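Below is one structure, written out as structure tokens, with a few remarks after it.
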Amino acid sequence: MRSTYCGLVSEKLLGQDVTLMGWAHRRRDHGGVIFIDLRDREGLVQVVCDPDRPEMFRTAEGVRHEFCLQVKGKVRPRPAGTENASLTSGKVEVLAHELEVLNASVTPPFQLDDENLSETVRLTHRVLDLRRPQMQKNMMLRYRVAMEVRKFLDEQGFIDIETPMLTKSTPEGARDYLVPSRVHDGMFFALPQSPQLFKQLLMVAGFDRYYQITKCFRDEDLRADRQPEFTQIDIETSFLSEAEIRAVTEAMVRTVFRKTMGVELPPYAELTYAEAMHRFGSDKPDLRVKLEFTELTDAMRDVEFKVFSGPATMPGGRVAALRIPGGGEMSRGEIDGYTEFVKIYGAKGLAWIKVNDAGKGRDGLQSPIVKNLHDGALRQIIARTGARNGDLVFFGADKAKVVNDALGALRTKIGHSEFGRGKGLFEDRWAPAWVIDFPMFEYDEEAKRWNAMHHPFTSPKDGHEEFMATDPGRCVAKAYDMVLNGWEIGGGSVRIHRADVQAKVFEALDISPEQQRAKFGFLLDALQYGAPPHGGLAFGLDRIATLMTGAESIRDVIAFPKTQRAQCLLTGAPSAVDEAQLRELHIRLRNPQGAR
């Protein structure tokens, strides 16, 4: 029915007859000649309908936006001066000989080239939204990324193995999505948060190079880079070291960028977790932003200003500074705006000093807090930050987590702002990095217990097993994340393959033998049968595609995404179900929808 795609019609086809299928993107009547921009997934081509073919011309007069059409005609050059350099077909047009309406369309709720659509409108009418050229490009690029991943891993000896979608509920961090069993009264399956346990079982089973591009499910609060269901490139290997796993997966990402975008990624920075938090307040720092923290905790312990000395002397406290070159130009209103911004991250406020003349000491500094700091502290601030005339210094003082979260977010916000770009504080480039040596455990202040930072099957660094019983906070894991432009695009670890080490981890996490058997018995049993050393890494396909397309949200690279309230506006999911279905599942709702 079709000889080529609309978007592929070019000068190579001059003089040839073509048959095209697509949708009417625009229709223009120029007083005797009708032009139709015909669109398909590859792009647009201009179709010319002359009145010397009366029947065809009458059909063209009735064409409206989004009519599905078949066009037969001859490719000819566009008249001089009418070329469109942005299109593959921009130097040619198709003179229509036949025009058939395959299916008419009602008036669409929006024009496909409208760039001011709300996300609610787009997601409600997602089928039409997906017809928009940008969305077509996004989905095509996502497809190419997945294909290049498969090609690379196949060449490296990895095999694609599926793991179950209906599985056992296990504590892996986020809440599970539960699926009631009709056959087993009162029992539930869980949708997998990841194939973590099954891929470890595959290593025990001898499939030493496994991968899978698979759906994962997490019932958690959503952000721009999260969805309740997302796609993971899951990779696991046996008999490779931590460095070897990172080398293979880095080569994969480099290949994907080269093959899909023609981009050669620069050398990866390598940061330990401790260094990343110390310098940037984040374990996924955006290295395009040319701002770093300055440590001031030790220098603020003896100042009278309790806002600084309090955190500086308390366990787990931190005082840090963020120097903004040229920031002295900021108005008080802008500073107040940033003060409100950091409160989102738990900060109580945002202290600051403007450096008018660094050579004048106290008299050259402008800030409400200067009077509360002694001369030695002020000298330390200027010397350590390297502040110069015209600079602005922001401060964070609180528990280390609050300081890191608040100043880290402020660093990124200022770097990406119009001010930051204008001052050269942002470098528009690809900035990949490895963040390594994550802590094994993190302490939950509310629950007064240690939790696994990643999951309880992450292997400790050699020699760190002894810390698990005496000082879990000192224990470093063989864990690593791949970061790109401030996004964690992949994370993984070397896993525990020895029963004695696994027992120490469970003990540190206060997981009883009974809980171990109930939650992980099938894995623990399998590890007894000569489990090999193994480890892997999982990438977020959605996040990689988002970065490549420059989209603002992963919803722009997922065909049918959920909103930030985990709803599908297209289908109306989630929705109430029939009472009969609930009875079959032996479920009774305590508070049915609409009940008070």
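The values are calculated or read from the model by the stated rules, or taken from the named source; none is laboratory data. Here the structure is a predicted model, which means the values were calculated and not measured. With ideal geometry, Cβ positions are generated from the backbone for all residues, glycine too; neighbour counts draw on all protein chains shown. Calculation scope for accessible area: heavy atoms of the full protein, side chains included, ligands and nucleic acids excluded. Shrake-Rupley method; radii C 1.70, N 1.55, O 1.52, S 1.80 Å.
Within segment 491-507, is there a residue that is buried (at least 19 other Cβ atoms within 10 Å of the Cβ), among the polar types (S, T, N, Q) and part of a strand (DSSP E or B)?
yes
Between a residue in segment 557-577 that is in a loop (DSSP other than H, G, I, E, B) and any residue that is among the hydroxyl-bearing types (Ser, Thr, Tyr), which pairs come within a Cβ distance under 6 Å, given they are 6 or more apart or on different chains?
Listed pairs, sorted by first residue: 569/124.
Which one of 251, 274 is over 23 Å from residue 403 (Cα atoms) and either crowded, with 16+ Cβ neighbours inside 10 Å or among the small types (Gly, Ala, Ser) (or both)? If you could, list the steps in order and put the result at the bottom.
On the way: 274 fails: over 23 Å from residue 403 (Cα atoms).
It is 251.
Can you name every residue in segment 48-73 that is over 25 Å from residue 113 (Cβ atoms), in a loop (DSSP other than H, G, I, E, B) and touching a residue at least 12 places away in the same chain (Cβ under 8 Å)?
50, 51, 53
Considering every residue within segment 13-21, establish whether at least one is buried (at least 16 other Cβ atoms within 10 Å of the Cβ), of a type outside the set (Asp, Glu), in contact (Cβ under 8 Å) with a residue 60 or more places away in the chain and part of a helix (DSSP H, G or I).
Within segment 13-21 (the criterion being buried (at least 16 other Cβ atoms within 10 Å of the Cβ), of a type outside the set (Asp, Glu), in contact (Cβ under 8 Å) with a residue 60 or more places away in the chain and part of a helix (DSSP H, G or I)), the answer is yes, since at least one residue qualifies.
Quickly run through segment 345-360 and pick out the residues that are open to solvent by 80 Å² or more (accessible area, probe 1.4 Å) and in a loop (DSSP other than H, G, I, E, B).
Of everything in segment 345-360, those that are open to solvent by 80 Å² or more (accessible area, probe 1.4 Å) and in a loop (DSSP other than H, G, I, E, B) turn out to be 345, 348, 356.
For segment 206-229, name all the residues that are more than 26 Å from residue 437 (Cα to Cα) and either in contact with a Ser or Thr (Cβ under 7 Å, 6 or more places away or on another chain) or not charged (D, E, K, R) (or both).
Within segment 206-229, 206, 207, 213, 214, 215, 217, 222, 224, 227, 228 qualify.
Starting from residues that are touching a residue at least 40 places away in the same chain (Cβ under 8 Å) and under 14 Å from residue 39 (Cβ atoms), keep the ones in segment 74-92 and report whichever is surrounded by the most Cβ atoms within 10 Å (Cβ to Cβ).
89
Give the residues of segment 282-306 that are touching a helix residue (DSSP H, G or I) at 6+ places or on another chain (Cβ under 8 Å) and more than 28 Å from residue 490 (Cβ to Cβ), sorted by residue number.
Correct list: 294, 295, 296, 297, 298, 299, 300, 301, 302, 303, 304, 305.
Considering segment 217-257 alone, what residues qualify as being touching an Asp or Glu at 6+ places or on another chain (Cβ under 6 Å) and under 23 Å from residue 179 (Cα atoms)?
Residues satisfying the conditions are 217, 230, 231.
Mind checking which residues of segment 52-72 are open to solvent by 80 Å² or more (accessible area, probe 1.4 Å) and basic (Lys, Arg)?
Those that are open to solvent by 80 Å² or more (accessible area, probe 1.4 Å) and basic (Lys, Arg): 53, 58, 64.
Where residues in segment 113-161 are among the aromatic types (Phe, Trp, Tyr) and in a helix (DSSP H, G or I), which of them is surrounded by the fewest Cβ atoms within 10 Å (Cβ to Cβ)?
Filtering first and then ranking leaves 143.
So in segment 361-388, with the set limited to residues that are outside any helix (DSSP H, G or I) and touching a residue at least 60 places away in the same chain (Cβ under 8 Å), which one is farthest from residue 487 (Cα to Cα)?
374
Return the residue satisfying two criteria in turn: it lies in segment 545-570 and is modelled with pLDDT of 95 or more and of a type in the set (Val, Ile, Thr), and of such residues it is nearest to the chain's Cα centre (by Cα).
546
Looking at segment 508-545, which of its residues are more than 24 Å from residue 475 (Cα to Cα), part of a helix (DSSP H, G or I) and in contact with a strand residue (DSSP E or B) (Cβ under 8 Å, 6 or more places away or on another chain)?
Within segment 508-545, 541, 542, 543, 544 qualify.
I need the full set of residues from segment 93-112 which are open to solvent by 20 Å² or more (accessible area, probe 1.4 Å), under 35 Å from the mean Cα position of the chain (by Cα) and free of Cβ contacts under 8 Å to residues at least 24 places away in the same chain, in order please.
Hit for segment 93-112 is 109, nothing else.
Would it be correct to say that residue 280 is within 30 Å of residue 251 (Cα to Cα), in contact with a Lys or Arg (Cβ under 9 Å, 6 or more places away or on another chain), open to solvent by less than 50 Å² (accessible area, probe 1.4 Å) and aromatic (Phe, Trp, Tyr)? Walk me through how you get there before you give the answer.
Details: within 30 Å of residue 251 (Cα to Cα): yes; in contact with a Lys or Arg (Cβ under 9 Å, 6 or more places away or on another chain): yes; open to solvent by less than 50 Å² (accessible area, probe 1.4 Å): yes; aromatic (Phe, Trp, Tyr): yes.
Taking the combined requirement at face value, the residue satisfies it.
Kindly establish whether residue 486 is on the phi > 0 side of the Ramachandran plot and either without any contact (Cβ under 8 Å) to a residue 24 or more places away in the chain or within 34 Å of the chain's Cα centre (by Cα) (or both).
So residue 486 passes the test.
Hey, residue 192 hits all of (1) within 21 Å of residue 149 (Cα to Cα); (2) out of contact with any Gly (no Cβ under 8 Å at 6 or more places or on another chain); (3) crowded, with 16+ Cβ neighbours inside 10 Å but one; which does it fall short on?
Tallying (1) within 21 Å of residue 149 (Cα to Cα); (2) out of contact with any Gly (no Cβ under 8 Å at 6 or more places or on another chain); (3) crowded, with 16+ Cβ neighbours inside 10 Å, residue 192 fails exactly one: (1).
Determine whether residue 507 is at pLDDT below 95, of a type outside the set (Lys, Arg) and within 23 Å of residue 168 (Cβ to Cβ).
The answer is yes for residue 507.
Out of segment 162-205, which residues are in contact with a strand residue (DSSP E or B) (Cβ under 7 Å, 6 or more places away or on another chain), of a type in the set (Asp, Glu) and either closer than 28 Å to residue 532 by Cα or in a strand (DSSP E or B) (or both)? Reasoning before the result, please.
Let us first name the residues in segment 162-205 that are in contact with a strand residue (DSSP E or B) (Cβ under 7 Å, 6 or more places away or on another chain), namely 162-163, 166-169, 174-181, 188-195, 199-200, 202-203.
Retained after the next criterion (residues that are of a type in the set (Asp, Glu)): 162, 176.
Once the filter is applied, which keeps residues that are in contact with a strand residue (DSSP E or B) (Cβ under 7 Å, 6 or more places away or on another chain), of a type in the set (Asp, Glu) and either closer than 28 Å to residue 532 by Cα or in a strand (DSSP E or B) (or both), segment 162-205 yields only 162.
Filtering segment 162-176 down to residues that are open to solvent by 30 Å² or more (accessible area, probe 1.4 Å), modelled with pLDDT of 95 or more and under 25 Å from the mean Cα position of the chain (by Cα), which residue is farthest from residue 217 (Cα to Cα)?
162
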